[in-house]
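Report on the structure given below.
The values are calculated or read from the model by the stated rules, or taken from the named source; none is laboratory data. Here the structure is a predicted model, which means the values were calculated and not measured. Don't worry about glycine lacking a Cβ; one is built from the backbone with ideal geometry, like all the others, and counts go over all protein chains shown. What goes into the accessible areas is simple: the full protein's heavy atoms, side chains included, and nothing from ligands, DNA or RNA. Shrake-Rupley method; radii C 1.70, N 1.55, O 1.52, S 1.80 Å.
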Protein chains: 2
Amino acid sequence: LAEQWARNTTYPEGSIGRLMDPPHATFRPETTVGQAIEMLRSLVRTALITYGYVTDSDGRLLGLVTMRDLLFNDRANRLGDVMLKDPFALHPTLDVSDAMRLTLNRHFPVYPVTDEAGRLVGLVRGSVIFEEEAFEIAAQPGAMVGVEKEERIATPLFGSFKFRHPWLLINLVTAFAAGGVVAMFQGTVDKLVILATFLPVLAGQSGNTGCQALAVTVRGITLGEIKPGGAMKLVAKEFFLGMANGAVTGVLTGIAMYILAESQGSPHAALLGVVVCFAMMGSCAISGISGAIVPLTLKRLGADPATASSIVVTTATDVASMGLLLGLASLVIR
Amino acid sequence: LAEQWARNTTYPEGSIGRLMDPPHATFRPETTVGQAIEMLRSLVRTALITYGYVTDSDGRLLGLVTMRDLLFNDRANRLGDVMLKDPFALHPTLDVSDAMRLTLNRHFPVYPVTDEAGRLVGLVRGSVIFEEEAFEIAAQPGAMVGVEKEERIATPLFGSFKFRHPWLLINLVTAFAAGGVVAMFQGTVDKLVILATFLPVLAGQSGNTGCQALAVTVRGITLGEIKPGGAMKLVAKEFFLGMANGAVTGVLTGIAMYILAESQGSPHAALLGVVVCFAMMGSCAISGISGAIVPLTLKRLGADPATASSIVVTTATDVASMGLLLGLASLVIR
């Protein structure tokens, strides 16, 4: 067992190699069913044996025998003849999340793990893979906004502060980007102060649109649903979806702007309504694109697709929505 | 099998009862090991048998025998003497997520399911519980921003539109709440247009603070980490954490405000800096509270703690941050 643990630590963190139990109950193909039962008789007292594994003299995995095979086959049969040949095996360097996708439809209690040469190096319980992965996935909404995986409900106040504060400082820098956009157009806001009322409406709306696209994309990556070459299609879909959602909410927001501006006696009420409508459409389209592109890019860079993704997406949607609203207004209304 | 499916549909959606396989391989306690092996010999050809179950004449579960027990015990022994007595069993009305928490540290391949009278009504594979739950948990970041569980990468454009649009309309209504706050203080913004620049900074910062608290709380609920009576403690922790994070980022933002206002020749530069600092502290504290209270309340109401939680929390943080900034400014600077 100690030997197995030493071997496990040679594999990267988050890999299947880290989760391996020692491969008990290995036999040669020429062993008979009767011999295997006798060999197992003492072994089952000390270890939880689910399957027997058949290997050649170099330790290469040839097949797998179940207790059912041993119980219901003639004792004189050789394991090489009754075993399930070439069983499904995992590789020790595989990521736990990739292993989850491979085992999703298999539901075996235990998986053998073999190295590049096909040698049996350990066993991994299916439940352990899923348990690991359930914890990983449960950490995603937190990862998106800068909560470390390690933080739990029981983490003391100062521990939580240390975990979360660095991300909030990063968020502060990105929030200033949005503030900078407003500062750029301060003259426009000064002239048309009614625009300030609509800044949070557009930012909130495109922010949620972007986070919807983000959530769907992260989930698709997690469950292995994104096929090679499917990324462009996904981005295009989120673009059109953002535009469609932005068109409907844009018209409603544009009408609200028109009514409010009219009631304040603004000479530009109609034009302001149109500006708000187009700004909403544009910023929701940009939000859809960024919600899809950010996690896909993180994944391509080899990073966790959830990490800080929400911070990046909401910055993009803030900058896009406020920049479009104020930019369009300053262009059209002089 | 058809009979089991009919029985499963009598249990509520999302419950263990929905996931049950039929209980093959049930025996009486007086059956011998040898008899059980003979009875299993034909059964194992048609069904995947992992354990045998021992029940009394009313179908009440008494114990469980493994293939190892059958293989390594004398054939004349009675099952009642070799079985594991009173095995761990699940109840069919249990939520899958509660079942996950119960089975997290057991890792059995299959769990017997018994009704209130202790009768064996079906079997559930551990991997099925975890698989169901992994899908549920993977849907959480989406649920927070109004993406239905049913939506996948392959959902066609119009399908996605229909799923997401209702939530975006709800989000629009809540976004107008934030816009309404700015409209209320339009006079203040008109006088101190520099405040508009800091609206997105405060909103973005307190929004992310609130979403961190939200993510930690939802995860804690999912993993069963929140003890009875622990809710108040959690809310208090997030309040202090928000205040601490708000204090640090508030001072930084206050300094930025002072420098910008000073450079624009505002006579209120110092006062504006102080207002920004206190508004940030206050709104981050409120964000922390709402991030914890919203999922806890949803859970208490019997709803999924993730659903639309982000929409509610970001509205609260928008209203709090913009209301505090503009409200304080209008009070202090005349």
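Farthest toward the positive end of the dipole of region B:156-332, out of B:LEU195, B:MET322, B:LEU223, is the Cα of B:LEU223, where the dipole comes from beta carbon charges about the Cα centre.
Provide a whole-number value for the mean count of partner chain Cβ atoms within 10 Å of the Cβ atoms in peptide A:157-170. That average works out to 4. Among the GluC sites (Glu not before Pro) in region B:124-223, those placed in a DSSP loop whose Cβ has at most 13 other Cβ atoms within 10 Å are B:GLU150.
Residues whose amide H falls under 5 Å from that of B:VAL54, counting only those 5 or more places apart or on a different chain, are B:PHE27, B:LEU62, B:GLY63, B:LEU64, B:VAL65, with hydrogens built in the peptide plane.
Excluding same-chain neighbours fewer than eight residues apart, the lysines reachable from A:LYS237 by a Cα-Cα span under 30 Å are A:LYS227, A:LYS299, B:LYS149, B:LYS162. Projecting the Cα positions of A:GLY291, A:PHE278, A:ALA247 onto the charge dipole of region A:181-309 (unit charges on Cβ atoms of Lys, Arg, Asp and Glu, taken about the Cα centre) puts A:GLY291 furthest along the positive direction. Between copies, B:LEU102 shows label-point distances of 3.3 nm, shortest first, with the point placed 7 angstrom from Cα along Cα to C-beta. May I ask for the angle, rounded to the nearest 10°, between helix B:33-46 and the longest principal axis of chain B, with both axes built from Cα atoms and the value confined to 0 to 90°? Result, in degrees: 60. Sorted largest first by accessible area at a 1.4 angstrom probe radius, with every protein chain in place, the residues B:HIS268, B:HIS91 fall in the order B:HIS91, B:HIS268.
Distances, shortest first, from the label point of A:HIS165 to those at the same position in the other copies read 4.7 nm; the point lies 7 Å along Cα to C-beta. Which of rounded, prolate, oblate describes region A:130-267, given a ≥ b ≥ c as roots of the alpha-carbon gyration tensor eigenvalues and a/c under 1.5 marking rounded, otherwise prolate only if a/b is larger than b/c? Oblate is the answer for region A:130-267, as a/c is 1.5 or above yet b/c matches or exceeds a/b.
Positive end of the dipole of the protein assembly as shown (Cβ unit charges, origin at the Cα centre): among B:GLY265, A:LEU234, B:GLY204, the Cα lying farthest that way belongs to B:GLY265. Full extension of the chain between A:LEU169 and A:GLU116 yields a length gain of 14.6 nm, computed as 0.36 nm times the residue separation minus the alpha carbon distance.
Which peptide among B:256-265, B:18-27 comes first, and what is the full order, when sorted by highest mean count of other Cβ atoms within 10 Å? All intermediate terms of the calculation are to be shown ahead of the outcome.
Numbers: B:256-265: 16.4, B:18-27: 19.2.
Top of the packing list down: B:18-27, B:256-265.
When all alpha carbon pairs of region A:47-191 are counted in 5 Å bins from zero, the resulting P(r) reads 2, 8, 12, 12, 11, 9, 8, 7, 7, 6, 5, 4, 3, 2, 2, 1, 1, 0, 0, 0 %. Ascending distances from the B:LYS233 label point to its copies in the other chains, with the point 7 Å along the Cα-to-beta-carbon line: 5.0 nm.
Cα-based Rg of region B:1-93 per 2.2 N^0.38 Å, rounded to two decimals? Mind dumping the intermediate values first?
Numbers: Rg = 14.3 Å, N = 93, 2.2 N^0.38 = 12.3 Å.
In units of the globular-protein estimate, region B:1-93 measures up at 1.16.
Rounded to two decimals, what is Rg over Rh for the protein assembly as shown when you use alpha-carbon atoms and the Kirkwood radius? Present the calculation step by step, with values, prior to reporting the outcome.
Numbers: Rg = 30.3 Å, Rh = 27.8 Å.
Value, to two decimals: 1.09.
For the pair A and B, the buried accessible area comes to roughly 8600 Å² in total, with a 1.4 Å probe and the value rounded to the nearest 100.
Counting Cβ atoms of other protein chains within 10 Å of each Cβ in A:66-74 and taking the mean gives 5.
State to the nearest 20 debye the size of the charge dipole of chain A about its Cα centre, where the only charges are +1 on K and R beta carbons and -1 on D and E beta carbons.
340 debye
In this simple spin-label approximation, A:ALA236 and A:ARG152 carry label points 7 Å from Cα along the Cα→Cβ vector, and these lie 4.7 nm apart. Take each residue in B:184-191, count the other chain C-beta atoms within 10 Å of its C-beta, and the mean is 3. Distance between the C-alpha centres of region B:56-109 and region A:174-207: 63 Å, rounded to the whole angstrom.
In deg cm²/dmol and to the nearest 500, what is the mean residue ellipticity at 222 nm of chain A if only DSSP H runs of at least 4 residues count, each as -39500 (n - 2.57), divided by the residue total?
Values: 13 runs with 209 residues, N = 334.
Helices in chain A give a 222 nm mean residue ellipticity of -21000 deg cm²/dmol.
Calculated on the alpha-carbon coordinates, the convex hull of chain B measures out at 174 cubic angstrom per residue. Volume per residue for region B:99-149 equals 102 cubic angstrom (convex hull of Cα atoms).
Springs between alpha-carbon atoms under 10 Å, Gaussian network over chain A: tell me which of A:ILE153, A:ILE289, A:ILE16 tops the mean-square fluctuations. Looking only at A:ILE153, A:ILE289, A:ILE16, the biggest GNM fluctuation is shown by A:ILE153. For B:THR114, neighbours were defined as the other residues whose beta-carbon sits under 15 Å from its Cβ, and their charges (Lys and Arg +1, Asp and Glu -1) total -2. If you sort A:THR46, B:THR155, B:THR317 by accessible surface, 1.4 Å probe, largest first, the order is A:THR46, B:THR155, B:THR317. Most mobile of A:ALA138, A:ALA47, A:ALA215 per a Gaussian network model of chain A (Cα springs, under 10 Å)? For chain A, modelled as a Gaussian network with Cα springs under 10 Å, the answer is A:ALA47.
Springs between Cα atoms under 10 Å define the GNM used for chain A, and in it the highest mean-square fluctuation of A:MET280, A:MET39, A:MET232 occurs at A:MET39.
Summing Lys, Arg as +1 and Asp, Glu as -1, what charge do residues with Cβ under 12 Å from the Cβ of A:ASP56 carry, A:ASP56 excluded? With Lys, Arg at +1 and Asp, Glu at -1, the neighbours total +1.
A 1.4 Å probe, protein heavy atoms only, puts the accessible area of B:LYS149 near 90 Å². Compute the helix-to-body angle for A:194-222: its Cα long axis versus the longest principal axis of chain A, expressed 0 to 90° and rounded to tens. Approximately 10 degrees, to the nearest 10.
Surface composition of region B:166-206: carbon plus sulfur atoms hold 76% of the accessible area, using a 1.4 angstrom probe and ignoring ligands, DNA and RNA.
The angle between the Cα long axis of helix A:309-332 and the longest principal axis of the Cα atoms of chain A comes to about 20 degrees, rounded to the nearest 10.
With the other protein chains left in place, how much accessible area per residue, in square angstrom, belongs to region A:79-234 at a 1.4 angstrom probe?
Working: 5770 Å² over 156 residues.
I get 37 Å² per residue for region A:79-234.
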